[in-house]
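Undergrad: Quick one: the structure is below, questions incoming.
The values are calculated or read from the model by the stated rules, or taken from the named source; none is laboratory data. All values derive from a computational prediction rather than experimental measurement. Virtual Cβ from ideal backbone geometry, glycine too; neighbours counted across all protein chains shown.
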Amino acid sequence: MSVQQLRMGITIALEQYFPDVPVVVDEGTTQGTFFQPRLISVTYERQRESRTVAIYRFGIRYKGGNPLEAEEMVDQLQEALERILLDGGSNRGNRQIWAAGEEGNDPLFTVEYTLHLQNEKSEAVMMGHVIGGERLK
């Protein structure tokens, strides 16, 4: 699972719930209101020898819009990003936070997705066997 796949799942969910609001991933010069999803942070927690839990925190900015409009979208954003589709499966969003736009900043909705990663386990070197009928003195 990659960051691009998570971002694509978020983009598809936003497009389904808000068909009139474009989703802009790159730094283009877009006019009007739009959503802009960005990866904020990733936390990796080693669980066992070959297992790691990765927590991806994404921020979705609502740019160019009225702050009151953005407040009215909060419940729909929560619903849209609660579960995203990824390669035939789905992933549930955890810890969703809405932050109203401060002066100079657009409103920000953050959501975390937890993935359980399985690392490739290297072959362990096994001890050899003694073959023969020799005796120790």
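Undergrad: Which pairs have Cβ atoms under 9 Å, sit 6 or more apart or on different chains, and link a residue in the stretch 1-17 that is under 18 Å from R61 (Cβ atoms) to one that is acidic (D, E) and part of a helix (DSSP H, G or I)?
TA: Close Cβ pairs (under 9 Å, with a partner that is acidic (D, E) and part of a helix (DSSP H, G or I)) amount to Y17/E79.
Undergrad: From the list G28, G65, pick out the single residue that is farther than 20 Å from G93 by Cβ, in contact with a Ser or Thr (Cβ under 8 Å, 6 or more places away or on another chain) and modelled with pLDDT under 80.
TA: G65
Undergrad: For the stretch 28-85, name all the residues that are among the hydrophobic types (A, V, I, L, M, F, W, C) and not in a strand (DSSP E or B).
TA: Hits for the stretch 28-85 are L68, A70, M73, V74, L77, A80, L81.
Undergrad: Going by what's in this entry, would R95 be described as under 17 Å from M8 (Cα atoms), assigned to a strand (DSSP E or B) and either free of Cβ contacts under 8 Å to residues at least 60 places away in the same chain or touching a Leu at 6+ places or on another chain (Cβ under 9 Å) (or both)?
TA: The answer is no for R95.
Undergrad: Next question. What's the number of the condition R92 fails, among (1) among the basic types (K, R); (2) farther than 11 Å from V111 by Cβ; (3) within 12 Å of the chain's Cα centre (by Cα)?
TA: (2)
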